[in-house]
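Reviewing the structure listed below.
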Amino acid sequence: MIVAIIITVLHFNNINLEFSLPLQKTFMLMFFATVGLAANYTQLMKGGAKVFVFLAIASIYIIIQNSVGVGLATLLGLEPLMGLIAGSITLSGGHGTGAAWSTTFTETYGIANTLEIAMASATFGLIIGGIIGSPVAQRLIDKNDFESEYGRGNDTHERFPELVTYNENERDRVTAKKVVEVLFILLICVTGAKYLHEWVNTFEIEWLMIPDFVYALFIGVFITNICEVTKSYKVDAETVDILGTVSLSLFLAMALMSLQLWNIFDLAVPFLIILAVQSVVLAIFAYYITFRVMGKNYDGAVIAGGHCVSA
C-alpha cells in the first residue's frame, strides 16, 4: 500500500510508473489452490454441528451484505454491481478475493477501477471489523456475565498447560521435501484451473463462465479430500498454510503496486456511506443473530465477535 501511495504522489508530480507483473495471476491461483487444499472434510467433522450452523448463519449474512451493498449502490447512482465489491466480495472475502474478482468485473462487465475499489473496501472492512469485533464480544460477555470454561485471569496457560501448542524447542515440521511436494500439487491445481477454465468457456454457457481461481480452489478441495479418503498421501497442513501465506502476500503486493488511486477519488464518499452502513448492519446482526444462534453463551459471544472480524 505504501508503494501505491508513493505512485499516487508521483503521478500528481507528472511522474508515472508502470510495473510488469507476469506472475501476479499465478500467485493468485496458487493462493486459492491452498485454500482448497486446506478444506479437509475431517477438519470440518471435528468442528461438529456448530461449524455447519455458523456456515448457515454466515451464508445468510452474505445475502444480506450483498443486498445492502447493491441497494445502496443503486440509491447512490452507482453501478449496482459496485455494491457487490462493497459487499461480500471484499468484506467477507478480503483482499485476495477482492483482487481476484476485480479482474472479472473489469473484463466481463466493463467496470473500471474495480481493483482500487476492492482494495480500499477490503482495507476498510479489515480495520472496522477489528474495531467492532472486540466490543461486540466484550459487551455480550459482560452483559450476560459469561466466563470461559478455563476461568478468568492471565495465568491460564500455567493452570492448563495442555492449551499451550507452541514449543520453541520443537523441530520445524515444514521440510524442503514437503514444500516441493505441495508445490507440485499447486502446479497441478494452477495448470488444471487454466485448462479447465478455457475448456468450459468453449461451451459459451453463461452460468458456467466462472473465474479461473474458482477452479483452482475446487481442484484443491478435490485433491486433498481424495488423498484423505484413499489414505494415499497426507497433504501437510502447515506447509499448505505457509505457501498460501507467501502466495497471498506476493499476489497482494503485486496487486497493490498496480493501483491507480487517483481514479477513485470521486467514489470515496458514496463508498464510505455504503461501507459505514455495512458496518452497522454487521454489528447488529452479530449481536442479535449470530450470538443467539450460536448458543447464547461464552463461545457464542466470542463467535459473534469473530463474525464481525471475518465479515
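What follows is calculated from the coordinates using simple rules that are stated; it is not laboratory data. As the structure is a computational prediction, the values presented were derived from the model and not from experiment. We place every Cβ from the backbone using ideal geometry, glycine too, and count neighbours over all the protein chains shown.
Highest mean first, what order results for 89-99, 62-72, 126-136 on Cβ atoms within 10 Å?
89-99, 62-72, 126-136
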Next item on the list: Kindly identify segment 27-310 as rounded, prolate or oblate by the Cα gyration tensor criterion: order the square roots of the eigenvalues as a ≥ b ≥ c, call it rounded if a/c is under 1.5, otherwise compare a/b with b/c, prolate if a/b is larger, else oblate.
Entry: oblate
Check: Let a ≥ b ≥ c be the square roots of the eigenvalues of the Cα gyration tensor of segment 173-311; is it rounded (a/c under 1.5), or, if not, prolate (a/b larger than b/c) or oblate?
Finding: oblate
Check: How much length is gained if the chain between residue 138 and residue 123 is pulled fully straight, taking 0.36 nm per residue apart and subtracting their Cα-Cα distance, in nm to one decimal?
Finding: 3.0 nm
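From the Cα gyration tensor of segment 1-128, with a ≥ b ≥ c the square roots of its eigenvalues, which class applies: rounded if a/c is under 1.5, or else prolate if a/b is larger than b/c, or else oblate?
oblate
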Next item on the list: Have a look at 100, 127, 137 and report the one farthest towards the positive end of the charge dipole of segment 90-149, computed about the Cα centre with Cβ charges (Lys/Arg +1, Asp/Glu -1).
Entry: 100
Next item on the list: Enumerate the helices in the chain for which the Kyte-Doolittle hydropathy averages -1.0 or more and the C-alpha atoms extend at least 15 Å along the helix's axis, using complete DSSP H runs.
Entry: 24-37, 49-75, 94-109, 114-144, 176-201, 212-230, 237-257, 268-285, 298-310
Check: What is segment 27-310's relative contact order, in percent, from Cα pairs under 8 angstrom and six or more apart in sequence?
Finding: 37 percent
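If I take R0 = 45 Å and measure r between the Cβ atoms of residue 53 and residue 19 in this structure, what FRET efficiency does the formula 1/(1 + (r/R0)^6) give, to the nearest 0.05?
On the way: r = 45 Å, r/R0 = 0.99.
Approximately 0.50, to the nearest 0.05.
Report the FRET efficiency, 1/(1 + (r/R0)^6), for residue 149 and residue 276, where r is their Cβ-Cβ distance and R0 is 41 Å, rounded to 0.05.
0.65
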Item checked: Positive minus negative residues near residue 219 (Lys, Arg vs Asp, Glu; Cβ under 11 Å) -> 0
Checklist line | Count of Lys pairs (Cα-Cα under 27 Å; at least 8 positions apart or interchain) in the chain | finding: 19
Next item on the list: Using only Cα atoms, locate the centre of segment 2-18 and the centre of segment 207-249, then give the distance between them in Å, rounded to an integer.
Entry: 37 Å
Notebook entry, point to check: Using +1 on the beta carbon of Lys and Arg, -1 on that of Asp and Glu, and nothing else charged, what's the dipole of the chain about the Cα centre, debye to 20?
Noted result: 420 debye
Next item on the list: Would you mind calculating the gained length between residue 195 and residue 230 on full extension (0.36 nm times residue separation, minus the Cα-Cα distance), in nm to one decimal?
Entry: 10.0 nm
